[in-house]
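The values are calculated or read from the model by the stated rules, or taken from the named source; none is laboratory data. Note that the structure is a prediction, hence the values are computed from the model and not measured. When we count neighbours, we look across all protein chains shown, and the Cβ atoms used for this are built from the backbone with ideal geometry, even at glycine. Calculation scope for accessible area: heavy atoms of the full protein, side chains included, ligands and nucleic acids excluded. Shrake-Rupley method; radii C 1.70, N 1.55, O 1.52, S 1.80 Å.
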Amino acid sequence: EQRVFFGFNSAEISEDAKNNLLGQALYMKKNPDINITLQGRCDERGSTEYNLALGALRAGNAAHVIIQDGVESERIKTVSYGKENPIYPGTGEEVWSKNRNATTRVK
C-alpha cells in the first residue's frame, strides 16, 4: 500500500507525489501481472458531493501519472471515498493532511 498526499482543496500532483507514482509505475512495468486500485480521499471538511468529486480527481490524476509513464490503463481502477471512510480518525490539520490522499492498493 502506497499513499500520495494533496494540499487543501487541491488535486495537484506534487513533485514528491509524482516521484512516488513513477516508482509505482516502474514496479508495475516490471510486474505485468499486478493491477491496482487508486482510492481518492479527502479530509472531513466540505460537502459529501464536493469531496466525492475531489477524491475522484485525486485518484484520476494519480492514475494519469502512472499511465503517462507507460502502464496500461486497464490495469488501474480508481474509486473515490471523498470524506467517507477516512484512514486516520480525528480532526485538526495534522489528521486532515493525512486524509487528503490517493492510496494505491494492489488487487
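Principal-axis analysis of the Cα atoms of the chain puts helix 48-68 at an angle of about 20° to the longest axis. Along segment 14-27 the Karplus relation, 6.51 cos²θ - 1.76 cosθ + 1.60 evaluated at θ = phi - 60°, assigns HN-Hα couplings of 6, 4, 4, 5, 4, 4, 4, 5, 5, x, 5, 4, 4, 4 Hz to successive residues, with x for each Gly and Pro. Candidates Tyr50, Gln24, Asn35 compared by Cα position along the dipole of the chain: farthest toward the positive end lies Asn35, with charges placed on Cβ.
Peptides 3-12, 51-60, 93-102 ranked from most to least packed, by the mean per-residue count of other Cβ atoms within 10 Å: 51-60, 93-102, 3-12.
Working note: Karplus 6.51/-1.76/1.60 with θ = phi - 60° gives segment 93-107 the couplings 4, 4, 6, 4, 5, 6, 7, 8, 8, 10, 9, 9, 10, 6, 8 Hz, where Gly and Pro are set to x. Note on the chain: lysine pairs with Cα distance below 22 Å, sequence gap of 8 or more or different chains, count 12. Extension gain for Gln68-Tyr88 works out to 4.2 nm (0.36 nm per residue, less the C-alpha to C-alpha distance).
Take the Cα of Arg75, go 7 Å toward its beta carbon, and the backbone nitrogen atoms of segment 24-55 under 18 Å from that spot belong to 24-39. Taking the protein heavy atoms of the chain in the context of the full set of protein chains, the accessible area attributed to carbon and sulfur is 51 percent at 1.4 Å.
With an 8 Å Cα cut-off and a minimum separation of 6 or more residues, compute the relative contact order for the chain in percent. Across the chain, relative contact order equals 43 percent.
Summed over qualifying helices (DSSP H, 4 residues or more, each -39500 (n - 2.57)) and divided by its residue number, the chain shows a 222 nm mean residue ellipticity of -13500 deg cm²/dmol.
Per-residue 3J(HN,Hα) values for segment 32-41, derived from phi via the Karplus relation 6.51 cos²θ - 1.76 cosθ + 1.60 with θ = phi - 60°, read x, 8, 8, 10, 10, 10, 9, 9, x, 9 Hz in sequence order (x marks Gly and Pro).
Annotation: amide H of Asn35 within the under-5 Å range of Lys107, sequence separation 5 or more or interchain, hydrogens built in the peptide plane. What label, among (i) 85; (ii) 125; (iii) 144, belongs to volume of the Cα convex hull per residue in Å³ computed from the structure on display? The value matching this structure is (i).
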